[in-house]
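So the structure is just underneath, and the comments pick up after that.
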Amino acid sequence: MSRLEGKIAIITGGARGTGEQTARLFADEGAKVVIGDVLEEEGAATAADIGEAASFVRLDVTDPESWKDCIEHTVATFGAPTVLVNNAGLLHMEAFVDIDPAKYEQLWRVNLFGPFLGMQAVTDAMQSAGGGSIINVSSVDGLSAKNGLGAYVPTKWGLRGLTRVAALELGQRGIRVNTVCPEAGGPGMRKEFIPDSIDPMDTLSFTHGVIPQNQKRPGIEIIRDIARMILFLASDESLSCTGADYPVDAGWTAGHRLKFNPGYKAD
Ligand SMILES: NC(=O)c1ccc[n+]([C@@H]2O[C@H](COP(=O)([O-])OP(=O)(O)OC[C@H]3O[C@@H](n4cnc5c(N)ncnc54)[C@H](O)[C@@H]3O)[C@@H](O)[C@H]2O)c1
């Protein structure tokens, strides 16, 4: 298939997890892909495994100079970028009252300042290519909230606001901007916050147990569906879509299933 034939994409945080799955899917669909990540070994290995359609560049999304290098690398390797997936992200889980301000700032830098810098950095090159599509990876935690995520949730809500401003401003340059709001992602992100005895993928099963549709799916399939939503927004199939949020959450943010109301079905 070739739903992304001719597209040149930059995927941040593409060394592993959601970004890696997205990079593989993009290449399968005919795109050229630059994987930007601070994880040099894993990022280079992922790009090498994908083959000639992919290239790795070290990118720290919090650093404007690093973004400049990434755009130059992309133009030199494949041509002007027509897709940017701001996927790199950091998680922190701690009670709100205990969060170190430095940790709060670090999450803000990676999850919100990074996409801001990326969108600024890519705009001229993308416009020169005739326009394109930017996909910012937010979260269900950008549509709702959970205890323990005081440093993370505000960055994901903020990213949705930034997306809308960017969509309104960049539309005249032929650039669409949307957010994807997944319920889950790569197991690596939450690993350090889960006891060693528990497989991070099992924590996803817990999540599935409380989503309204009671869908129980293996983790890898969730990541596949997130990558597919990103693919749709990157492709010309979504030319009318901009400035909007696209949850991939199996109904997580739809509401609550109440046992004593009509329409309840036991698991
Ligand atoms: N894992 C989840 O449960 C979950 C749920 C909802 C949304 N998300 C979001 O999905 C996106 C992808 O996360 P994931 O689940 O694949 O987790 P992940 O930890 O596997 O991947 C995140 C990637 O971002 C990279 N990264 C971190 N800081 C960076 C920086 N300064 N510069 C460049 N790259 C950097 C990491 O090295 C890593 O490769 C994130 O934005 C995350 O917030 C994740």
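The values are calculated or read from the model by the stated rules, or taken from the named source; none is laboratory data. None of the values given here were measured: they were computed from a predicted structure. With ideal geometry, Cβ positions are generated from the backbone for all residues, glycine too; neighbour counts draw on all protein chains shown.
Regarding S55, is this residue buried (at least 17 other Cβ atoms within 10 Å of the Cβ), among the polar types (S, T, N, Q), over 18 Å from the mean Cα position of the chain (by Cα) and under 25 Å from R173 (Cα atoms)?
Against the criterion (buried (at least 17 other Cβ atoms within 10 Å of the Cβ), among the polar types (S, T, N, Q), over 18 Å from the mean Cα position of the chain (by Cα) and under 25 Å from R173 (Cα atoms)), S55 does not qualify.
Using beta carbons and a limit of 6 Å, which pairs, at least six apart or on different chains, have the first residue in region 137-155 and polar (S, T, N, Q) and the second one within 11 Å of the ligand (Cβ to nearest atom) and assigned to a helix (DSSP H, G or I)? From residues that are polar (S, T, N, Q), the pairs are S138/K156; S138/L159; S139/K156; T155/L107; T155/N111; T155/L112. Identify all residues within region 157-201 that are surrounded by 19 or more Cβ atoms within 10 Å (Cβ to Cβ) and within 8 Å of the ligand (Cβ to nearest atom); write none if there are none. Correct list: C181, P182, E183, A184, G185, G186, P187. Determine whether region 68-86 contains at least one residue that is aromatic (F, W, Y), touching a Gly at 6+ places or on another chain (Cβ under 9 Å) and either crowded, with 18+ Cβ neighbours inside 10 Å or at pLDDT 95 or above (or both). The answer is no; no qualifying residue exists.
Every residue, every condition in (1) out of contact with any Ser or Thr (no Cβ under 7 Å at 6 or more places or on another chain); (2) buried (at least 20 other Cβ atoms within 10 Å of the Cβ); (3) not basic (K, R); (4) not in a helix (DSSP H, G or I), yes or no:
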{"residue": "R109", "(1), (2), (3), (4)": "no, no, no, no"}
{"residue": "L112", "(1), (2), (3), (4)": "no, yes, yes, no"}
{"residue": "M119", "(1), (2), (3), (4)": "yes, yes, yes, no"}
{"residue": "V122", "(1), (2), (3), (4)": "yes, yes, yes, no"}
{"residue": "M126", "(1), (2), (3), (4)": "no, yes, yes, no"}
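Quick one: is T163 over 12 Å from the mean Cα position of the chain (by Cα), closer than 19 Å to L231 by Cα and assigned to a helix (DSSP H, G or I)? Yes; evaluated as a whole, the condition is true for this residue. On inspection, D98 does not qualify as touching a helix residue (DSSP H, G or I) at 6+ places or on another chain (Cβ under 9 Å) and among the charged types (D, E, K, R).
Listed by first and then second residue, the pairs with beta-carbon distance under 8 Å, at least 6 apart or on different chains, first residue in region 104-124 and free of Cβ contacts under 8 Å to residues at least 60 places away in the same chain and within 20 Å of A9 (Cα to Cα), second outside any helix (DSSP H, G or I) and more than 12 Å from the ligand (Cβ to nearest atom), are M119/L84; M119/I134; M119/V177; T123/I175. Being within 16 Å of the ligand (Cβ to nearest atom) and assigned to a loop (DSSP other than H, G, I, E, B) is the filter here; which residues of region 1-40 pass it? Matches in region 1-40: G13, G14, A15, R16, V38, L39.
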